[in-house]
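Okay, so here's the structure we're looking at.
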Amino acid sequence: MRIQEIKDPRFLKKYNEKELNELCTDIRKFIINSVSKTGGHLASNLGVVELTVALHYVFTSPYDKFIFDVGHQSYTHKILTGRADKFNTLRQYGGMSGFQKRDESIHDPFESGHTSTSIAAALGFAYVRDLNKEKNDVIAIIGDGSLTGGLAFEALNNIENLNTKVIIVLNDNSMSISKNVGGLSKFLKKIRISNSYDLAKKGYKGVLIKTSIGTKIYNLSSKIKEKFKRKINDNIFTNLDIDYIGPIDGHNIKELIKAFKKSKNSKKSILIHVVTKKGKGYKPAEINSSTWHGVGNFDVESGSLKKENLTSLSEVVSNTVYEFMKKDKSIITITPAMIKGSKLEKIFQDFPNRSIDTGITESFATTLACSIALNKKKVFLPIYSSFLQRAYDNINHDIARMNTHVIIGIDRAGLVGEDGDTHHGIFDISFLNSIPNLVICMGKDNEEIRNLLYTGFYKQENPFCIRYEKECIEFKKSALKEIKVGTWEYLQKIKTCKNTIISYGTDVSKLYDIFKNKKVNIINARYIKPIDKEILKELIKTKQNIYVYETSIRTNSLGTNILEYFNYKNASNKVRLTGIDNEYIKHGKTNILKQQLNLDLEYIKEDIINYFKLK
Ligand SMILES: Cc1ncc(C[n+]2csc(CCOP(=O)(O)OP(=O)(O)O)c2C)c(N)n1
């Protein structure tokens, strides 16, 4: 059967083992070729091909509910549920999402993009199923990385409490994006090792029992194994009243089907521990699954990825913190599982005693950062804007309230493109703006980002949030100087001019390039909070018309901070705000999204010209 002809997963129930394996080979080829053209999550998807085929063989979607944690590994599920023909539009504007989406298919009962929600979601479906006296199964498919998130632990704890049955498929490839961390990860490793020992021992048995000394050795090792097995069966899951099967070879269809059938017949909640290889079937991704976790387009033959000549802003920030850490032993860097994305490799390599990967734990990492800072350390805590949503209370209740010296790097601030609504960093200003003690800033270029970091680390002691977009620039080491907290700067100031543009981040540099030498003032509001009241007083006094350009949610933005101040001062300035209405923005290339939102600079240029009547 051609992959594109698949309309419904039920066809594979008639397949024998050989046909199922052939189907897996075809699906792998299809995923590699498609992702090479569109970009997407590769390594995670290649690891779960057999697992997903076996699930659809044993269970019946949409009657049974398949909930993929994060959803970044749901490509085989998408193919089997009739979406192969949409893969040429993967992650593109108007095209198929990279995650499960309810409006895409009846086979996607729940949506995510952030980790660790699948077991909680499965519990909700199972609870209502029981109330309605229905019989379908609910299956959460969760990776060992996502299981490190507190939300997943809370859900495990509630399985007994809700007294319902869910099936959890633990996809253990020992990787998050980078190597997985923590006690749970160590425990899973022990189980994996015991299993390989088990297999190896089967081979040795025949040799050993041929002699009496061999038989003694065999019996002794057998006892050790039994003891270990008992320990495994008395594990974190079984102690939470969840049955455990495993570890299962995640690339062996026959074994998978057997285990899934067992879980289907079980009356109790059950976790099936499946061991897979991330990147399976594509050598470059098997060798370096971290790099191939999420990729742009690539050449299948050579496995070469497109190289960027410029430096990402994440790297500008991490390079600068690296310089500080080299001289200053009081700095600790903490990341919730994003060493790679936040470009922290060098910091982790050279300062292993002062860098911590806490797993996917934004909320834990934030409180940990707070308490470390209370002990006379400076903490650098880079977190993607959208994932920071998980840490709102810890920022408010811990870091800000106790006013600790944590420098929060808000990475991927603004629209991020192809990952879509779950990943756009458009809410952070809005939700941080109301928190006392917090400074929120954004640099216009390499030099200013470095100076803001310098200020955050060395010229103040409050919680300091520095935002940076998913952009690339040229990195240069520059001399460091303080930028006084709450001060803005004029990039262009024209005498007697009554029109002023205000913006921040790399956007303000772009606006400067457009309006350089035109009759308009340009202000770089590098501190979004606190605002520069001296400059604002001057704008009131000179009755400036004001245009504020922002690409985040407009509610509780820099623009509304300015309006609030003007209102307080009874100012009558004409002010136009831009920004995003209170809505979720879908996936697609950032430039296309900005065009759709009337936030692209071509449109903004015309809008500013008309607003200020510059023609
Ligand atoms: C709350 C949150 N933090 C961070 C991420 C970024 N992220 C996406 S997938 C992933 C790793 C997931 O590892 P695992 O669950 O083991 O799945 P695998 O990719 O290894 O199959 C991370 C950290 C996220 N999506 N959500």
Margin query: Just to verify a result, which residue in region 1-39, among those that are touching a residue at least 60 places away in the same chain (Cβ under 8 Å) and crowded, with 23+ Cβ neighbours inside 10 Å, is nearest to the chain's Cα centre (by Cα)?
Written below: Val35
Notebook entry, point to check: Do you know which of the residues in region 82-105 that are open to solvent by 10 Å² or more (accessible area, probe 1.4 Å) and closer than 21 Å to Glu50 by Cα is nearest to the ligand (Cβ to nearest atom)?
Noted result: Gly82
Checklist line | Meets criteria (out of contact with any Lys or Arg (no Cβ under 8 Å at 6 or more places or on another chain) and not assigned by TED's automatic domain parsing to the domain that holds Glu418) for Gly113 | finding: yes
Margin query: Being in contact with a strand residue (DSSP E or B) (Cβ under 8 Å, 6 or more places away or on another chain) and among the acidic types (Asp, Glu) narrows it down to one residue among Asp137, Asp103; which is it?
Written below: Asp137
Notebook entry, point to check: Does Lys343 satisfy the condition of being on the phi > 0 side of the Ramachandran plot, within 16 Å of the ligand (Cβ to nearest atom) and open to solvent by 30 Å² or more (accessible area, probe 1.4 Å)?
Noted result: yes
Next item on the list: For region 253-279, name all the residues that are open to solvent by 50 Å² or more (accessible area, probe 1.4 Å) and in a loop (DSSP other than H, G, I, E, B).
Entry: Lys267, Lys268, Lys277
Notebook entry, point to check: Quick check: is even one residue across region 23-40 within 16 Å of the ligand (Cβ to nearest atom) and basic (Lys, Arg)?
Noted result: yes
Next item on the list: Give region 458-478 a look and list any residue that's crowded, with 21+ Cβ neighbours inside 10 Å and either in contact with a Phe, Trp or Tyr (Cβ under 6 Å, 6 or more places away or on another chain) or within 13 Å of Ala413 (Cα to Cα) (or both), or say none.
Entry: Cys465, Ile466, Arg467, Tyr468, Glu469, Lys470
Next item on the list: Kindly provide the set of residues from region 280-339 that are within 14 Å of the ligand (Cβ to nearest atom), assigned to a strand (DSSP E or B) and open to solvent by 20 Å² or more (accessible area, probe 1.4 Å), ordered by number.
Entry: Gly294
Checklist line | Boolean, Leu313 is at pLDDT 95 or above, closer than 30 Å to Lys65 by Cβ and not charged (D, E, K, R) | finding: no
Next item on the list: Please go through region 106-138 and pick out each residue that is part of a loop (DSSP other than H, G, I, E, B) and more than 16 Å from the ligand (Cβ to nearest atom).
Entry: Ile106, His107, Asp108, Pro109, Asn132, Lys133, Glu134, Lys135, Asn136, Asp137
Next item on the list: Collect the residues in region 546-570 that are surrounded by fewer than 19 Cβ atoms within 10 Å (Cβ to Cβ) and not in a helix (DSSP H, G or I), keeping them in residue-number order.
Entry: Thr555, Asn556, Lys569, Asn570
Next item on the list: Hey, can you tell me all the residues within region 510-529 that are out of contact with any strand residue (DSSP E or B) (no Cβ under 7 Å at 6 or more places or on another chain) and open to solvent by less than 30 Å² (accessible area, probe 1.4 Å)?
Entry: none
Notebook entry, point to check: Is there any pair with a first residue in region 330-346 that is of a type in the set (Ser, Thr, Tyr) and a second that is part of a loop (DSSP other than H, G, I, E, B) and open to solvent by 10 Å² or more (accessible area, probe 1.4 Å) whose Cβ atoms are under 9 Å apart and which are 6 or more apart or on different chains, and what are they?
Noted result: Ser330/Lys376; Ser330/Lys377; Thr333/Phe351; Thr335/Gly341; Thr335/Thr358
Check: Any residue in region 63-85 that is modelled with pLDDT of 95 or more, touching a Leu at 6+ places or on another chain (Cβ under 7 Å) and either farther than 27 Å from Thr422 by Cα or in the same structural domain as Phe387 (by TED's automatic domain parsing) (or both)?
Finding: no
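Here is a yes/no grid of residues against (1) among the basic types (Lys, Arg); (2) buried (at least 22 other Cβ atoms within 10 Å of the Cβ); (3) on the phi > 0 side of the Ramachandran plot; (4) not in a loop (DSSP other than H, G, I, E, B):
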site	(1), (2), (3), (4)
Ile372	no, no, no, yes
Pro382	no, yes, no, yes
Arg390	yes, yes, no, yes
Thr404	no, yes, no, no
Ala413	no, yes, no, yes
Ser430	no, no, no, yes
Ile435	no, no, no, no
Margin query: Given the criteria part of a helix (DSSP H, G or I), among the charged types (D, E, K, R) and in contact (Cβ under 8 Å) with a residue 12 or more places away in the chain, does Glu461 qualify?
Written below: no
Notebook entry, point to check: Picking from His405, His423, which residue would you name as being touching a residue at least 40 places away in the same chain (Cβ under 8 Å) and either within 16 Å of the ligand (Cβ to nearest atom) or assigned by TED's automatic domain parsing to the domain that holds Leu597 (or both)?
Noted result: His423
Next item on the list: Among the candidates Asn610, Asn598, Asn591, single out the residue that is over 28 Å from Asp532 (Cα atoms) and either in a helix (DSSP H, G or I) or open to solvent by less than 80 Å² (accessible area, probe 1.4 Å) (or both).
Entry: Asn591
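The values are calculated or read from the model by the stated rules, or taken from the named source; none is laboratory data. Model, not experiment: these values are computed from the prediction. Methodologically, a virtual Cβ is constructed for each residue, glycine included, from the backbone with ideal geometry; neighbour enumeration extends over all protein chains shown. What goes into the accessible areas is simple: the full protein's heavy atoms, side chains included, and nothing from ligands, DNA or RNA. Shrake-Rupley method; radii C 1.70, N 1.55, O 1.52, S 1.80 Å.
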